[in-house]
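Worksheet for the structure shown next.
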Amino acid sequence: MFLFLIPLVLGFSFSLASAFTTVFSCRWGERGGSIITIVLRDVLGIPVWAIGFCLAALTPSPVLFAPVVATHVLGWLLVGIGGLIILAALVTIRARAAMPSTVDALAQDGLYAHVRHPIHSGTLLEFFGLFIIKPTQVIALACALGIIWVLIQTRLEEQDLLQRLPAYREYMQRVPRFVPRFWG
């Protein structure tokens, strides 16, 4: 019943390890550090945890609440908005998303002018949406682990960004982490 946890946790672990671009670059050079980060996140991390989510969705589990049309619409809306946020953020940072390096420029335009981690914000929306679409105990567990992973991943990435981008400290003070400020 809990076999989905193996790829889920393994994928999250690989993704967490990808947050050490500066460490990898210091040890194996700029190009080597970028390649290690890419392999950990894009080859081993995201695809493996996505497989874990697929297995969780296929695992029989008690339903926590009876979904209705409105919950399905809301869930798919959250997944869609999350996906659009992720896509817009990736368009803004372009190659920096695919090949992070210690010589990257700080992204401060587009969605990054309003939140420091729009990709993580979109991912959180998608996790909430997935749970609303399929409100089973197994999906609740997978989404809860996903939320914990995003929070830890964000912390680790911020530590890495503070090391490789001197302007990041001021940016952290000025721009909120996940949710834009709609006031002052």
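Among the residues of region 121-132, is there at least one that is within 30 Å of Pro62 (Cα to Cα) and among the acidic types (Asp, Glu)? For region 121-132, residues within 30 Å of Pro62 (Cα to Cα) and among the acidic types (Asp, Glu): present. Restricted to region 6-24, and to residues there that are surrounded by fewer than 18 Cβ atoms within 10 Å (Cβ to Cβ) and not small (Gly, Ala, Ser), the residue that is farthest from the chain's Cα centre (by Cα) is Val23.
When Arg181 is tested against the conditions (1) of a type in the set (D, E, K, R); (2) assigned to a loop (DSSP other than H, G, I, E, B); (3) surrounded by 14 or more Cβ atoms within 10 Å (Cβ to Cβ), the lone failure is (3). Take region 30-49 and flag every residue that is buried (at least 22 other Cβ atoms within 10 Å of the Cβ) and closer than 30 Å to Gln137 by Cβ. Within region 30-49, Arg41, Gly45, Trp49 meet the criteria.
Here is a yes/no grid of residues against (1) aliphatic (A, V, I, L, M); (2) outside any helix (DSSP H, G or I):
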| site | (1), (2) |
| --- | --- |
| Phe14 | no, no |
| Thr22 | no, no |
| Cys26 | no, no |
| Gly29 | no, no |
| Thr37 | no, no |
| Ile51 | yes, no |
| Cys54 | no, no |
| Ser61 | no, yes |
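Return yes when Leu124 is under 20 Å from Ala17 (Cα atoms) and free of Cβ contacts under 8 Å to residues at least 24 places away in the same chain and no when it is not. Against the criterion (under 20 Å from Ala17 (Cα atoms) and free of Cβ contacts under 8 Å to residues at least 24 places away in the same chain), Leu124 does not qualify. Listed by first and then second residue, the pairs linking a residue in region 133-156 that is more than 29 Å from Val69 (Cα to Cα) to a residue that is of a type in the set (Phe, Trp, Tyr) and buried (at least 16 other Cβ atoms within 10 Å of the Cβ), with Cβ atoms under 9 Å apart and 6 or more places separating them unless they lie on different chains, are Trp149/Phe12; Trp149/Trp49; Ile152/Phe12; Gln153/Phe12; Thr154/Phe178; Leu156/Phe20.
Could you look through region 94-113, keep only residues that are in a helix (DSSP H, G or I) and within 28 Å of Pro7 (Cα to Cα), and pick out the one that is farthest from the chain's Cα centre (by Cα)?
Looking at the filtered set, the residue picked out is Ala95.
Only a single criterion out of (1) in contact (Cβ under 8 Å) with a residue 24 or more places away in the chain; (2) surrounded by fewer than 21 Cβ atoms within 10 Å (Cβ to Cβ) is not satisfied by Arg27, namely (1). Restricting attention to region 122-140, does a residue exist that is over 30 Å from Leu3 (Cβ atoms), modelled with pLDDT of 95 or more and either surrounded by 14 or more Cβ atoms within 10 Å (Cβ to Cβ) or not aliphatic (A, V, I, L, M) (or both)? There is no residue in region 122-140 that is over 30 Å from Leu3 (Cβ atoms), modelled with pLDDT of 95 or more and either surrounded by 14 or more Cβ atoms within 10 Å (Cβ to Cβ) or not aliphatic (A, V, I, L, M) (or both).
The values are calculated or read from the model by the stated rules, or taken from the named source; none is laboratory data. Note that the coordinates shown come from a computational prediction; the quantities given were computed from them, not determined experimentally. Glycine gets a Cβ as well: all are built from the backbone with ideal geometry, and neighbour counts include every protein chain shown.
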